[in-house]
Amino acid sequence: MTIHFDRKQVHDDLHSPSAPAVLDSSMRRAVEHKHAAQALIAWDELRERAHEIKAYAIEHLDELLVRFESEFIARGGRVLWTQTADEAASRFLDICRTHGARSVVKGKSMVSEELELNARLTAAGIDPVETDLGEYIVQLAGERPTHIIAPAIHMSRQDVGSLFERKLKVDYTDDPEVLSEIARVRLRQRYLDAGVGMTGANFGIAETGTVVVVENEGNGGLSSQAPPVQIVVMGIEKVIPTLDDLIVFLQLLARSGTGQKMSTYVHHFLGPVDGRAMYCIFVDAGRTALLADPVARESLYCIRCGACLNVCPIYRRVGGGAYGWVYPGPIGSVITPSMVGVEDAGELPFASTLCGACAVECPVKIDLPHLLVHQRARAVDEGAASSPFENAAVASWTRAMSSSRGYSFAVLAARVGGAASSMLPWISPAARAWSKERSMPKVASMTFKDWWRER
Amino acid sequence: MTDDSGRASFLARVAAALGRKEGEPRPAAPIQRAVGASTFDEETTRDAAALAIRFRDELGLVSGETVFVPDVGGVDAEIERIVRSRGLGPAESDLKKADYAVLRAEALIADTGTALVIERTAERRLAPYLPRTCIVVADSDALFPTMSSASLAALHAAARRGDKGEAVLITGPARTADIEKTLVLGAHGPRHLIVIIAGIQAAEKDAPS
């Protein structure tokens, strides 16, 4: 798998008449809501505290996982430890088979995207049903979520209307209220029929062995509670020490994610009732690679609120599809190269202006620009992010800048070359692609030195 | 029980990534508690009526309703009144058919208009989610100013005792904004959420907050 910052997608998005406008206004609204909700509390103090708790939790990850495991087992659950996304998906399938499940209702989960769980379930003859409205829309469209907390943010209400008309054979409407009701009615019986209910985890609390899921639609409650078997798929970085620590994160998560003071539902799974079963699958899938890197480790503090996406000038223009994998935006550009390999995704951290807005917004104070630069350096060191052309260009730049003669020659060359650059598109397809969205700077007709002399 | 295959190597991988050697002592937990997260003044936090009003105002901001009744004896009559005035069907034991469910809150958090509900049985586990109208009943003693160790004491206790089921913090009726960030109430859960607080005198209802 090679993950490129998808240039065609970027081009299409930038030139589509509606998509970036929808995205940008949605993002702006999200940021406004958030600032209104933050105004009421000691925001910086909370962020500081959240950062400390996560730093502690990550430094003690092995202990906390073991503690969580023993408490979760005491509650009547079973824990599975899986190293790769593939292994996690296989174990998930094993559980479905053991319990004879024909369909799985799913709460919103980004980890499940890493596992490509829907494809795996479908291939095994088990029907995966996304229940979060945004995920439901994206699943119907056969697409991938383009935002961590708003999966269908790239679609307009008209897009959703015609999708429902086409796939669900209902009359066209672009009224979000009616569209939401259609999804509700369709999914109601699915919860009650499903053999397995799956959710991710926002937090795993080590001291109690309880899993916490935060959501607004009620689908998380139904997906986790209705079926006889509940499976939580949890990235290992989700574990925090205590229930009191959770309070800090609950103040931050909803405000950062959706601009709410508190999310509508904060579920705590205490344990399976009356013959029901509860599982937790711990997923590594590249997280220990982040952990092993003392700098990139900080990205494991992320609580997946999506705030860094909302303020990112790159994300706001191009949307989540262009990032090519599960996690878009600044946080995606930091974690993806470590999770899937620098050789495959080393390009992503370059899709950033390093403006720093993400660091200002992050509720757990992750120094994202610093991590982006770190991942860029790794990509260059490992030869995953430079081309012979680029190396040659930088080498000649260095030569030109190292002596006054070299510099004078370069200025002359630039003056000639600048005029010739309009011919770039005819040189090669690559040059044509490059010059399509860019124009060469014009070199002044007179150098400063000449002007000074003749003054 | 735990499936051992992979567990040991998993933990070894985590320890190695952290740069730990086997048997090496771990740094102790430097965890300190509680961060201020509210704008409450001390006065408000000691007065049940003021907390009740703050709760009502906060829940109102997220489209939930709050009703006060003077004592626990008045709760059933209030539920009757709500059911009649909204034309809801009769109480149903089958939640799939019920128009409404009545939940008991073990804590109310005024700062956010949040109710802590714990459902411990298989029969009741879908009560917060299936019916369109959700009626939550609590005593004024259950009111707390903020989300804190104190307000979550019932949750702590349930977790410690090994209670089964689900504890859920509910703040308003279900909602979604997944289509163009436009707010739609109801989504997959209740469209209406009404909290009845018993033990608040009628005269206190309109006291300044």
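The table that follows gives values for the structure above.
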read-out: Among the candidates B:I118, B:I82, residue that is surrounded by 20 or more Cβ atoms within 10 Å (Cβ to Cβ) and touching a residue at least 12 places away in the same chain (Cβ under 8 Å); value: B:I118
read-out: Subset of the range A:41-58 (residues that are within 7 Å of another protein chain (Cβ to nearest Cβ) and without any contact (Cβ under 8 Å) to a residue 60 or more places away in the chain); value: A:A42, A:E45
read-out: Yes/no for B:D47 being acidic (D, E), at pLDDT 95 or above and either more than 16 Å from B:A105 (Cβ to Cβ) or surrounded by 21 or more Cβ atoms within 10 Å (Cβ to Cβ) (or both); value: no
read-out: Residues (at the interface with another protein chain (Cβ under 10 Å from one of its Cβ atoms) and either on the phi > 0 side of the Ramachandran plot or modelled with pLDDT under 95 (or both)) located in the range A:71-116; value: A:G76
read-out: In the range A:171-211, the residues that are more than 30 Å from A:L300 (Cβ to Cβ), of a type in the set (S, T, N, Q) and in a loop (DSSP other than H, G, I, E, B); value: A:T173
read-out: Test: residue in the range A:97-107 that is within 29 Å of A:I137 (Cβ to Cβ), surrounded by fewer than 23 Cβ atoms within 10 Å (Cβ to Cβ), out of contact with any helix residue (DSSP H, G or I) (no Cβ under 9 Å at 6 or more places or on another chain) and touching a residue at least 40 places away in the same chain (Cβ under 8 Å); value: yes
read-out: Members of the range B:175-193 found to be touching a residue at least 40 places away in the same chain (Cβ under 8 Å), in a loop (DSSP other than H, G, I, E, B) and surrounded by 24 or more Cβ atoms within 10 Å (Cβ to Cβ), listed by number; value: B:H188, B:G189, B:P190
read-out: Selected residue [surrounded by fewer than 20 Cβ atoms within 10 Å (Cβ to Cβ), among the small types (G, A, S) and touching a Gly at 6+ places or on another chain (Cβ under 6 Å)] from B:S63, B:S93; value: B:S63
read-out: Number of positions in the range B:159-181 that are over 23 Å from B:F55 (Cα atoms) and under 14 Å from the mean Cα position of the chain (by Cα); value: 1
read-out: Residue count for the range A:121-140, restricted to those that are under 21 Å from the mean Cα position of the chain (by Cα) and in a helix (DSSP H, G or I); value: 8
read-out: Some residue of the range B:128-135 being in a loop (DSSP other than H, G, I, E, B), touching a Ser or Thr at 6+ places or on another chain (Cβ under 8 Å), at the interface with chain A (Cβ under 7 Å from one of its Cβ atoms) and not polar (S, T, N, Q); value: no
read-out: Residue identified as more than 9 Å from chain A (Cβ to nearest Cβ), among the small types (G, A, S) and in contact with a helix residue (DSSP H, G or I) (Cβ under 9 Å, 6 or more places away or on another chain) among B:A153, B:A159, B:A167, B:A115; value: B:A115
read-out: Those residues of the range A:204-229 which are more than 10 Å from chain B (Cβ to nearest Cβ) and surrounded by fewer than 24 Cβ atoms within 10 Å (Cβ to Cβ), in sequence order; value: A:V229
read-out: Cβ-Cβ under 6 Å pairs, at least 6 apart or on other chains, the range A:181-203 side not assigned by TED's automatic domain parsing to the domain that holds A:K54, far side surrounded by fewer than 18 Cβ atoms within 10 Å (Cβ to Cβ); value: none
read-out: Residue satisfying all of: in the range B:1-43; outside any loop (DSSP other than H, G, I, E, B), surrounded by fewer than 17 Cβ atoms within 10 Å (Cβ to Cβ) and not small (G, A, S); modelled with the lowest pLDDT among these; value: B:T2
read-out: Hey, A:C362 closer than 30 Å to A:D284 by Cα and modelled with pLDDT of 90 or more or not; value: yes
read-out: Single residue of the range A:230-272 satisfying the filter (of a type in the set (D, E) and within 25 Å of the chain's Cα centre (by Cα)) that is farthest from the other protein chains (Cβ to nearest Cβ); value: A:E237
read-out: Hits in the range B:89-127 - residues which are of a type in the set (K, R) and not in a loop (DSSP other than H, G, I, E, B); value: B:R104
read-out: Residue in the range A:12-28 that is in contact with a Pro (Cβ under 9 Å, 6 or more places away or on another chain), modelled with pLDDT under 90 and part of a helix (DSSP H, G or I) present; value: yes
read-out: Qualifying residue in the range A:163-170 (condition: within 8 Å of chain B (Cβ to nearest Cβ) and either of a type outside the set (D, E) or in a helix (DSSP H, G or I) (or both)); value: no
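Rundown of residues vs (1) modelled with pLDDT of 95 or more; (2) surrounded by fewer than 24 Cβ atoms within 10 Å (Cβ to Cβ), yes/no style:
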{"residue": "A:D274", "(1), (2)": "no, yes"}
{"residue": "A:A292", "(1), (2)": "yes, yes"}
{"residue": "A:Y301", "(1), (2)": "yes, yes"}
{"residue": "A:C312", "(1), (2)": "yes, no"}
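The values are calculated or read from the model by the stated rules, or taken from the named source; none is laboratory data. Remember, predicted model here, so these are calculated numbers, not experimental data. Cβ coordinates were reconstructed from backbone atoms using ideal geometry, including for glycine residues, and neighbour counts include every protein chain displayed.
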